[in-house]
Amino acid sequence: MPDPRLTDLSRRLPELRLLTEAADLQHYGRDWTRRWTPAPLAIALPSTLEEVQEVVRWASQQGVAIVPSGGRTGLSGGAVAASGELVLSLQRMNRVLDFNAVDRTLTVQSGIVLQHVHDAAREHGLLYPVDFAARGSCSIGGNIATNAGGIRVIRYGNTREWIAGLKVVTGSGDLLELNRGLIKNSSGYDFRQLLIGSEGTLGIVVEATLKLTDPPPPSQVMLLALPDMDALMQVFALFQARLRLQAFEFFTDLALHHVLAHGAQRAIEGEHPYYVVTEFDAADEAAEEVALAAFGQALEQGWVSDGVIAQSEAQAAALWRLREGITESLAARQPYKNDISVRISAVPAFLHEMRALLASEYPDIEVVWFGHIGDGNLHINVLRPADMAEDAFIAQCEHVTRLLAATLQSHAGSISAEHGIGLVKRAYLESTRSAAEIALMRGVKQVFDPAGILNPGKLLD
Ligand code: 2HG
Ligand code: ZN
């Protein structure tokens, strides 16, 4: 017997593609967290924004929760549907709608894959600069929902910086056209920025107008080996003063171990506790000389112990793989993830406290750290030992996360730098946002989504 609510939906929208097969419910009901068992009611794949509006009106009348869904590469459970929700996948709404050479904007449907945005910008001789390892499968709508950051934030900022306009369907089914591509618009509350990072709880992004910029100048990629943790920020300060950085990313020897075991090529011999992959503008030989001089100075100071500079695009890609391949190399272990940030100036003190905490709380557990150290953003991936039950492991990680949240709070940091709060970090939101802020967040949610149907349970409980 088909669910009468779905029969009603099909009657209202006979053209709407709806999936209810068990394999589809599995596939669309989860993201990369893999912790929750998918259990959606059905999957809707609209092809127009009018269909999205009508689905929302139906959901509001029937009291069905909606989980907006893009590439489901999220790491915080923001796209998980484990409680009878309708997954509203934007996958079929994936077209480039417009390129405007004068405004230097690209208008896209929100289901478009990030890589396709990069390609479309490049075809017009321009750059959409937000970039990270999931580029081939994440969608721009998901990037907007989490204000995604990635590997070039140090140069270009987060997704927030690159959104000139949004079309959004609210929880009442209204279509909002936010900012409409304007550069200057001082006309009251900027709902566009409110929607960015709202994790599907205030509205469903259906279209976005993206700002594009000049393509980056020629660059070079360097891998550095560092003898200790303090050297990380010393090298960062030196390189930032001398070079125009595009990226400054770090990982530990344990991260390297996993990524090499997953097929990446070793680039520096020997044992070193920390590594940095950095990319910087290098238009000519003179620029390369400056980089080598900075490296020489770091070597003299004892802040780096070895390094290589890529001699070809292939070698640059191989160096990047050592950093970008980490998540995939750990995926089969279903790590427990923290994604935290502090101000750059607070990184050295925070790192010391964090390392002491992790060492004492996870004595026999592999803890892999890496991340965007030049932005003050660290990823901590905790690996469950084979002989530890999943429940006990999660309980242990949640206990440590509470302690980590307190440490972060004392350094005025954030429990979620770029992956979002979702389900994974909901219990720790208070460590980053005040009670007054959370009360206002609830109030805003009520205004945009009066029936409480948009991604309930994510971000706020
Ligand atoms: C990255 O920086 C991503 O590679 C994923 O944000 C981080 O897997 C992670 O914890
Ligand atoms: Zn990251």
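Values in this text are rule-based calculations from the coordinates and carry no lab data. Being a predicted model, the structure only gives us computed values, none of them experimental. Here the Cβ positions follow ideal geometry from the backbone for every residue, glycine too, while neighbour counts run over all protein chains shown.
Excluding residue 269 itself, what net charge comes from residues whose Cβ is under 15 Å from its Cβ, given Lys and Arg +1 and Asp and Glu -1?
It works out to a net charge of -2.
Using +1 on the beta carbon of Lys and Arg, -1 on that of Asp and Glu, and nothing else charged, what's the dipole of segment 1-135 about the Cα centre, debye to 20?
Computed charge dipole of segment 1-135: roughly 280 debye.
If every alpha-carbon in the chain counts as one equal scatterer, what log10 I(q)/I(0) does Debye give at q = 0.08, 0.10 1/Å?
At q = 0.08, 0.10 Å⁻¹ the computed log10 ratios are -0.48, -0.76.
Calculate, axis by axis, the spread of Cα positions in segment 1-81 along the three principal axes, and write the results as whole Å, longest axis first.
Reported extents, whole Å, longest axis first: 34, 29, 21.
Against the empirical 2.2 N^0.38 Å scaling, what ratio does the C-alpha Rg of segment 55-163 come to?
1.16
Which whole number of Å³ per residue matches the convex hull of the alpha-carbon atoms in segment 418-461?
Hull volume normalised by residue count: 74 Å³.
For q values of 0.14, 0.23 Å⁻¹, compute log₁₀ I(q)/I(0) with the Debye formula on a Cα-only model of segment 138-207, without solvent.
Taking Cα atoms of segment 138-207 as identical point scatterers yields -0.41, -1.03.
Quote the FRET efficiency, to the nearest 0.05, computed for residue 266 versus residue 427 with a Förster distance R0 of 30 Å and r equal to the Cβ-Cβ distance.
Step by step, r from the Cβ atoms, then E = 0.15.
Suppose every Lys and Arg Cβ carries +1 and every Asp and Glu Cβ carries -1, with no other charges. What dipole size does the chain come out with about its Cα centre, to the nearest 20 debye?
Around 1280 debye, computed over the chain.
Just the ratio, please: alpha-carbon radius of gyration of segment 206-286 over 2.2 N^0.38 Å, N its number of residues.
In units of the 2.2 N^0.38 Å rule of thumb, it is 1.37.
Residue 317: net charge of surrounding residues, Cβ under 14 Å, Lys/Arg +1, Asp/Glu -1, itself excluded?
-1
Take peptides 397-407, 42-52, 356-366 and line them up by average Cβ neighbours within 10 Å, highest first, as a rough protection proxy.
Descending mean neighbour count gives 42-52, 397-407, 356-366.
Calculate one ³J(HN,Hα) per residue across segment 248-259 by plugging θ = phi - 60° into the Karplus curve 6.51 cos²θ - 1.76 cosθ + 1.60, and present them in order as whole Hz with x for glycine and proline.
Calculated HN-Hα couplings, in order: 8, 10, 10, 7, 9, 4, 5, 4, 4, 4, 5, 6 Hz.
Around residue 406, under 11 Å between beta carbons, what's the net of Lys plus Arg minus Asp minus Glu among the other residues?
-1
Using packing as a proxy for protection, rank 76-85, 246-255, 100-109 so that the peptide with the highest average count of other Cβ atoms within 10 Å comes first.
In decreasing order of mean packing, 76-85, 246-255, 100-109 become 76-85, 246-255, 100-109.
Quick one: putting +1 on the C-beta of Lys and Arg, -1 on the C-beta of Asp and Glu, what dipole do you get for segment 103-204 around its Cα centre, in Debye to the nearest 20?
Roughly 240 debye for segment 103-204.
Calculate the spin-label point distance for residue 50 paired with residue 301, positioning each point 7 Å from the Cα along the beta-carbon direction, and give it in nanometres.
Roughly 6.3 nm, to one decimal.
Which listed residue (443, 294, 181) has the Cα farthest towards the positive end of the charge dipole for the chain, taking +1 on Lys and Arg C-beta and -1 on Asp and Glu C-beta about the Cα centre?
With unit charges placed on the Cβ atoms, the residue in question is 443.
log10 I(q)/I(0), Debye, Cα-only segment 318-420, no solvent, q = 0.12, 0.18, 0.19, 0.20 Å⁻¹?
Each listed q maps to, in turn, -0.40, -0.89, -0.99, -1.08.
If you wrap segment 249-324's Cα atoms in a convex hull and average its projection over all directions, what's the area in nm²?
5.2 nm²
Å³ per residue of the Cα convex hull, for segment 165-260?
For segment 165-260, the hull spanned by Cα atoms encloses 218 Å³ per residue.
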